[in-house]
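See structure below.
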Amino acid sequence: NAGVTQTPKFQVLKTGQSMTLQCAQDMNHEYMSWYRQDPGMGLRLIHYSVGAGITDQGEVPNGYNVSRSTTEDFPLRLLSAAPSQTSVYFCASSYKTTITEAFFGQGTRLTVV
Amino acid sequence: KQEVTQIPAALSVPEGENLVLNCSFTDSAIYNLQWFRQDPGKGLTSLLLIQSSQREQTSGRLNASLDKSSGRSTLYIAASQPGDSATYLCAARLRVTSNTGKLIFGQGTTLQVKP
């Protein structure tokens, strides 16, 4: 049972570099989302998707891009990394309906220097 | 704007004690509320999910209650053990569309159970 898989687990970037955080789920969930977790701020929603080809912004979308070409994958792209994007990133998925629980990946710890 | 608050931010108890963690939310128009556990450096593990039409859910030594009218949920842990030490997060699912919700998280309560 893989569930929600995030790669990489750790990453160090230099300011201005770009990278993609990968998220894949094998539960055929329509709904996928990205959160960042910062001390004192809790988890905040970055972007979410309700199905392939459909994405929308969350609370803190600036500096991040997403796309959803398949049901299984929901990558998060940082186009030009900034130190303010140093955080732990979590991907989550659930069925589209509003009554089901969300499942989370193990997180990606990103440091931008 | 929906806000989710968890009090206290940290809690330390001796082993064997029963304890209650609190979660409050400002908008009662939620689909459900979910409790998670997070160990240091790890992801979130779902503990209990309470639908808006339910009053409580139980799993082993855990019992979660929901009172939508007062905007509160509690997580009750019976006979606490050192292995229960972790951060506990609650998240309220808000309506985005007629069939989609998004989770709004509290900042968590960090629990330490001393042997």
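Comparing B:Leu89, B:Leu62, B:Leu75 in a Gaussian network model of chain B where C-alpha atoms under 10 Å apart are linked, the largest mean-square fluctuation is found at B:Leu62.
Quick one: if the Förster radius is 41 Å, what FRET efficiency do A:Arg77 and A:Ile99 give, using the C-beta to C-beta distance and rounding to 0.05? Approximately 0.85, to the nearest 0.05. Using θ = phi - 60° in the Karplus curve 6.51 cos²θ - 1.76 cosθ + 1.60, the 3J(HN,Hα) couplings for the range B:42-57 round to 10, x, 9, 10, 6, 9, 8, 10, 10, 6, 5, 8, 9, 9, 7, 9 Hz; x is entered for Gly and Pro.
Taking the Cα centre of the range B:34-115 as reference, the dipole from Cβ charges on Lys and Arg (+1) and Asp and Glu (-1) amounts to some 180 debye.
Projecting the Cα atoms of B:Ser53, B:Phe36, A:Ala24 onto the charge dipole of the protein assembly as shown, computed from C-beta unit charges around the Cα centre, puts A:Ala24 farthest toward the positive end. For B:Ser46, the shell of other residues with beta-carbons less than 14 Å away shows a net charge of +1, using +1 for Lys and Arg and -1 for Asp and Glu. Return the lysines within reach of B:Lys42: Cα separation strictly under 28 angstrom, same-chain partners fewer than 8 residues apart disregarded; answer none if there are no such residues. Filter leaves A:Lys9, A:Lys14, A:Lys96, B:Lys102, B:Lys114.
Comparing A:Ala24, A:Ala92, A:Ala102 in a Gaussian network model of chain A, where Cα atoms under 10 Å apart are tied by springs, the biggest mean-square fluctuation is seen for A:Ala102.
Can you return the aspartates and glutamates within cross-link range of B:Lys1? Criterion is Cα-Cα under 14 Å, with same-chain partners fewer than 8 residues away left out. Those aspartates and glutamates meeting the cut-off are A:Glu59, B:Asp27.
All of the numbers you see were taken from the coordinates with simple rules; none came from a lab. In this text, all values refer to a predicted model and were calculated from it rather than measured experimentally. Glycine gets a Cβ as well: all are built from the backbone with ideal geometry, and neighbour counts include every protein chain shown.
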